[in-house]
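Just below is one structure, and these are the notes that go with it.
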Amino acid sequence: MDKNKLRELARNNIVTIMFIILCVVCMTFSGYSGSYVLYELFGRLSRNMFIVLSLIIPIVAGMGINFAITTGAQAAQISCLLVLEWGISGIAGFALAALMTIPLSTLFGWLIGKLYNKMKGQEMIGGLVIGYFANGLYQLLFLFIFDNIIPIKNPNLTIKGSTGIANTMDLSREGGIAQALDKLWRLPFHQAVLVFAAVIAVILVVGYMKSHKKNGKKLGIQIAALAVVAVIAQLGPVKALFSMVNIPMVTFGLVALLCLFNVVIMRTKLGQQFRAVGQNGTVANASGINVNHVRIIAIIFSTVLAGWGQLIFVQNMGAFQTYGAHGQVGLYAGAAILVGGASVVRATNAQALIGCVLFHLMFILAPAAGKNLFGDAAIGEYFRVFLCYGVIAVALVMHAWSENVRKKKEK
């Protein structure tokens, strides 16, 4: 690889490289054991990856990071409130909340998509503003409409001595949905690896059998790689390192299904339209694609998926802050996908997943490293919040710089 390609690779992945270095430094000074870090990391990944993956479709469709996914999170929290009020617990309550999230998120996504079509090129700043506006309506709904216009009979859900919904929704109470998804099927890490390797192998074989251009050598390499990973996971030192990790199989299975969905939809006619609109809306329109319609569909997909992702998040936590749990969803998810090497015009499943790992590693390690280095854990807290906003700023600057370079070359 020549110097120019290395320079371009480094420039395109500067944020990812920076975070890898920071994670190594923070791990060195955190004082945490590897087992504890992995335990914390997998807990965070299980509740956050789905939301980050929900950002991919709008990016491919040329709309940048959809910061308005906060409205999908709000739809999920409205559904949670109703399920708690009706006393439907466990997986049935979770499933009902997921179903109710669909029409709410679809409506919100449709409205946001219509607005985005009026502000082409400014979708990201528009998404932030929409999020603030939607939060005002959400506050009105939970502080005034619920328990006033719409009666709430469950006393655990309302503010004591006043009206409106309580500041915290406790999903672990009777009739709640805490851990409804996560506790369905949990396995130690080494067993989970065997299960996922077997499932992936079956999918690869089925895909090979259906393929018109069969490549037996490629299939053999893929199966061999899976076998190597499965064997490594069974080794004593690896088992000891992951000894504290128990994998919620259904939750990670849903994440895997969303990754598969993102891959499959991009191979459909609709996915090709997403790409065409993202690459050049004018050319796409000239070729007969209804650009505005395609953009709205992309936002609806993103909003509904984000709503489901928020449900996965809150059931994992077992409780959520009624008026604040949705507030930073868009910013944190956007920062995570950018950390993985995505940009405001290109994103993949791999970038989203890598970004989740690095972003949450930083969140785990920074406070302890700050305390050990400077005697104050708050320094690490400030640092990681600074990085969240800084990563977004760097991505926007890099995008603007790349656009300027492209325009100069076209001249």
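The values are calculated or read from the model by the stated rules, or taken from the named source; none is laboratory data. What you see is a predicted model, and the numbers here were worked out from it, not measured in a lab. Reconstructed Cβ throughout: ideal geometry from the backbone, glycine too, with neighbour counts over all protein chains shown. Just so you know, the surface numbers come from the protein's heavy atoms only, side chains and all, with ligands and any DNA or RNA stripped out. Shrake-Rupley method; radii C 1.70, N 1.55, O 1.52, S 1.80 Å.
Tabulated results
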{"read-out": "Near-label residues of region 92-134 by backbone N, under 14 Å of a point 7 Å along Cα→Cβ of GLU174", "value": "none"}
{"read-out": "Estimated vicinal HN-Hα couplings, Hz - region 249-260 in sequence order (Karplus 6.51, -1.76, 1.60; Gly, Pro = x)", "value": "5, 5, 5, 5, x, 5, 4, 4, 5, 5, 4, 5"}
{"read-out": "Cut-off under 5 Å, modelled amide H: who pairs with THR168 long-range", "value": "THR322"}
{"read-out": "Local electrostatic count at ALA333 - Lys and Arg +1, Asp and Glu -1, tallied over other residues with Cβ under 14 Å", "value": "+2"}
{"read-out": "Normalised contact order of region 78-171, rounded percent, pairs of Cα under 8 Å and 6 or more residues apart", "value": "23"}
{"read-out": "Amide H contacts of GLY318 (H built 1.01 Å from N, under 5 Å, at least 5 apart or other chain)", "value": "GLN179"}
{"read-out": "Cα centroid separation - region 211-260 against region 329-348, whole Å", "value": "25"}
{"read-out": "Carbon plus sulfur fraction of accessible area for the chain, probe 1.4 Å, in percent", "value": "67"}
{"read-out": "Neighbourhood net charge (15 Å Cβ-Cβ; Lys/Arg +1, Asp/Glu -1) for ASN117", "value": "+3"}
{"read-out": "Estimated vicinal HN-Hα couplings, Hz - region 289-302 in sequence order (Karplus 6.51, -1.76, 1.60; Gly, Pro = x)", "value": "7, 7, 4, 4, 5, 5, 5, 5, 4, 4, 5, 4, 3, 4"}
{"read-out": "DSSP beta bridge pairing in the chain, given as percent antiparallel to the nearest 5", "value": "90"}
{"read-out": "Residue-normalised accessible area of the chain, expressed per residue, 1.4 Å probe, Å²", "value": "50"}
{"read-out": "Highest-fluctuation residue, HIS360, HIS293, HIS326 considered, GNM on the chain with Cα pairs under 10 Å", "value": "HIS293"}
{"read-out": "Within a Gaussian network of the chain (alpha carbon springs, distance under 10 Å), most fluctuating of VAL202, VAL304, VAL15", "value": "VAL202"}
{"read-out": "Contour minus Cα-Cα distance for TRP86 and LYS120 (0.36 nm per residue)", "value": "8.1 nm"}
{"read-out": "Selection from ALA192, VAL277, GLY136, by position along the positive dipole direction of the chain (Cβ)", "value": "VAL277"}
{"read-out": "Rg to Rh, two decimals, where region 280-354 supplies the alpha carbon set and Rh follows Kirkwood", "value": "1.08"}
{"read-out": "Using a Förster distance of 22 Å, the FRET efficiency for TYR132-VAL385 (Cβ separation, nearest 0.05)", "value": "0.75"}
{"read-out": "Derived scalar couplings ³J(HN,Hα) [region 71-78; Karplus, 6.51 cos²θ - 1.76 cosθ + 1.60; whole Hz; x for Gly, Pro]", "value": "5, x, 5, 5, 4, 5, 6, 4"}
{"read-out": "Violating pairs (Cα-Cα greater than 30 angstrom) within the set LYS214/LYS239; LYS120/LYS269; LYS214/LYS269", "value": "LYS214/LYS239"}
{"read-out": "Residue-span extension gain [MET266 to PHE144] - 0.36 nm each, minus C-alpha spacing", "value": "39.6 nm"}
{"read-out": "CD proxy at 222 nm, helix term only [per DSSP H run n ≥ 4: -39500 (n - 2.57); per residue of the chain; nearest 500]", "value": "-24000 deg cm²/dmol"}
{"read-out": "Cβ crowding within 10 Å averaged over residues, with 68-80, 34-46 ranked highest first", "value": "68-80, 34-46"}
